[in-house]
1. Does the range 177-196 contain at least one residue that is in a helix (DSSP H, G or I), surrounded by 22 or more Cβ atoms within 10 Å (Cβ to Cβ) and under 24 Å from the mean Cα position of the chain (by Cα)?
2. Would you pick out the residues in the range 130-154 that are closer than 24 Å to Gln175 by Cβ and loosely packed, with under 15 Cβ neighbours inside 10 Å?
3. Is it the case that some residue within the range 425-444 is of a type outside the set (S, T, N, Q) and either modelled with pLDDT of 65 or more or within 22 Å of Glu544 (Cα to Cα) (or both)?
4. Quick one: in the range 383-395, which of the residues that are in a strand (DSSP E or B) and of a type in the set (D, E, K, R) is surrounded by the most Cβ atoms within 10 Å (Cβ to Cβ)?
5. Just the residues that are out of contact with any Ser or Thr (no Cβ under 8 Å at 6 or more places or on another chain) and of a type in the set (Phe, Trp, Tyr), please, taken from the range 372-424.
6. Out of Val380, Val376, Val369, I need the residue that is buried (at least 18 other Cβ atoms within 10 Å of the Cβ) and closer than 30 Å to Ala93 by Cα. Which one?
7. Give me the residue from the range 118-129 that is surrounded by fewer than 19 Cβ atoms within 10 Å (Cβ to Cβ) and in contact with a His (Cβ under 8 Å, 6 or more places away or on another chain) and, out of that set, farthest from His221 (Cα to Cα).
8. Read through the list (1) over 19 Å from Phe68 (Cβ atoms); (2) in a helix (DSSP H, G or I); (3) touching a residue at least 60 places away in the same chain (Cβ under 8 Å); (4) not basic (Lys, Arg), then give the number of the only condition that Ile518 fails.
Amino acid sequence: MELFTYLSRSFLILLLFLVTYQLLLRNDAHYKAVRFFLLLGLVSALCLPLAELKYTVFVEPITSNSLFEPVEISQVKATSVEKEVSNSFNWFAWVWYLYIVVTVSFVMRLAMMLIKMLLLAKSSHKVNYKGAVVCIHPKVEMPFVFGNRIFIKHERYLSSQNSEIINHERVHLNQQHWIDVIMSELFIVFQWFNPFAWYYARVVKQNLEFLADQGVLESGHNYEDYIQTIICETMGAEASVLANHFRFSQNKRRLKMMKNDKKSKWRLLKLLLVLPMVGGLLWAFSEPVYEYRSNSESINDTFVQDKKDEFILKGNVFSQIDTQMIRNVDTGMFDEKVVASPLPGTSIVIKGTTTGTVANMKGQFELPVSVGDEIVFSFVGFETKVVKVINNKSMDVMLSKSAFQLNPSAYRAKYKGKVMPPPPPPTIKKKEVVPPPPPPPAEDGKPVFYVVEEMPSYKGGMDGYFANLYTRIEQEKKKASLTGTVKVQFTVGHKGGISQTKALERLDEKEAKLAVKIVSELTDWKPGMQRGKPVSTTLVVPVEFE
């Protein structure tokens, strides 16, 4: 999983827990239940982003489409490949380096604090007070708890006059509040950039103080005397963020929460809201697994062979984005090199089988194969390439951009030479819902893999596209004498619509300009899809003036 994906999911989870706390739990006196809720938020923000759940989507089998005929995009052939070469500044790499450097500094800061606390504990005078280990040291400014020890400056805190303070720290000790503190601080180490992480840690520590105050008052101490003790201890510096301090929070809210008695059991039901929230997050993070309703047609040509000496093939898939002439320092000649970038999401299937995988965000893939297998690499808008496995070495594959020419033969007789409104968009007839049959089990027990690719489509259907196209052609022919056919190339973007419209021939003639104008006006395109994600695709359409 990519670090950015993990951190963004973690950010969202923590924010949802924090919003729930602020809106529903902030003024409740069920401090133990709130403690559980806040800890659950930290654990969820750390663990849930790692969950890679899948859900099955049944789709119709992919059939060959005569409407889209692949054509080559003219480009200079390259003699060698330069992997992931780019002249642009790599902001992502520098952000990654910055994150690592700052995170390491926070880890060192936390480690130094831990060492400081251990040294303080080692050099302290230790006494046993009602079953608790108390460390007495003159460097302790304020009483606090760290781990399984209470730290105080001198023995006067053990007297009956200061029993509220020592009892406050004993509540921290007995309820093991150090766990919450350590978890919140560790979370900040890895999400130091997240302002909600800092605020969440403060909320966690503040709730622990509410718990300790509640424990002191429930043990029989007088409320007014306890308030006076807190006010008298307002001076002094905190020793460490890893400790539970008596003076952590002395604002009006803490004093107000001591009198809070909102403990209705019905209010605890609000905690159940976390269940649909966690379920919704898991659903949002899940990814589809596509399976066919039937297996009547094969995606690739049938290719069957016995599996022998299977091994894991590793490789990379790149897309060509440019070519450069680079001088060879040894020969002095200029060599052509290809500027390439990873092509994530590429479907990679062993020909004639349902065994396959998908290239990750870096274009990398792993696939169990045998020598002699033919592997099919496909991506909408790129050439489909078949590569034969000849050894167990890594495989690097370059896919080039490809255009697809629209074949108007099925619509020419119906719409050419006519000016007519486009037909209504196709409607999907409601059919009786029948549960799809289960996919055929693989004989070797391996998961079934299907390529799910979808070419761009016009929002009014292809009937609507060609009806509009031929209508516009006839309208222009009434204004001027136009002849011949002009092929117009355009790109359907990943957000829909079209761009980069240009004529491929007859560039200086009026027919070419009008053809580009006509095609540019038909923008209601939906993007092609590669395994559920929209991608850009280059199309070519013939504009027939005669």
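1. yes
2. Once the filter is applied, which keeps residues that are closer than 24 Å to Gln175 by Cβ and loosely packed, with under 15 Cβ neighbours inside 10 Å, the range 130-154 yields Lys130, Gly131, Asn148.
3. At the first step, the residues of the range 425-444 found to be of a type outside the set (S, T, N, Q) are 425-426, 428-444.
When the remaining residues are screened for being either modelled with pLDDT of 65 or more or within 22 Å of Glu544 (Cα to Cα) (or both), the result is none.
Among the residues of the range 425-444, not one is of a type outside the set (S, T, N, Q) and either modelled with pLDDT of 65 or more or within 22 Å of Glu544 (Cα to Cα) (or both), which makes the answer no.
4. Here is the first cut: in the range 383-395, the residues in a strand (DSSP E or B) are 385-388, 395.
Remaining after also requiring of a type in the set (D, E, K, R): 385, 388.
Values: Lys385: 16, Lys388: 10.
So the residue we want is Lys385.
5. Answer for the range 372-424, where residues must be out of contact with any Ser or Thr (no Cβ under 8 Å at 6 or more places or on another chain) and of a type in the set (Phe, Trp, Tyr): just Tyr411.
6. Numbers: Val376 fails: closer than 30 Å to Ala93 by Cα; Val369 fails: closer than 30 Å to Ala93 by Cα.
Residue meeting the stated conditions: Val380.
7. Here is the first cut: in the range 118-129, the ones surrounded by fewer than 19 Cβ atoms within 10 Å (Cβ to Cβ) are 118-123, 125-129.
Then drop every residue that is not in contact with a His (Cβ under 8 Å, 6 or more places away or on another chain), which leaves 120, 123, 125.
Values: Leu120: 31, Ser123: 33, His125: 28 Å.
This residue is Ser123.
8. Failing condition for Ile518: (3).
The values are calculated or read from the model by the stated rules, or taken from the named source; none is laboratory data. Computed from a predicted model, the values in this text were never measured in an experiment. Every residue, glycine as well, gets a Cβ built from its backbone with ideal geometry; the counts of neighbours run over all protein chains shown.
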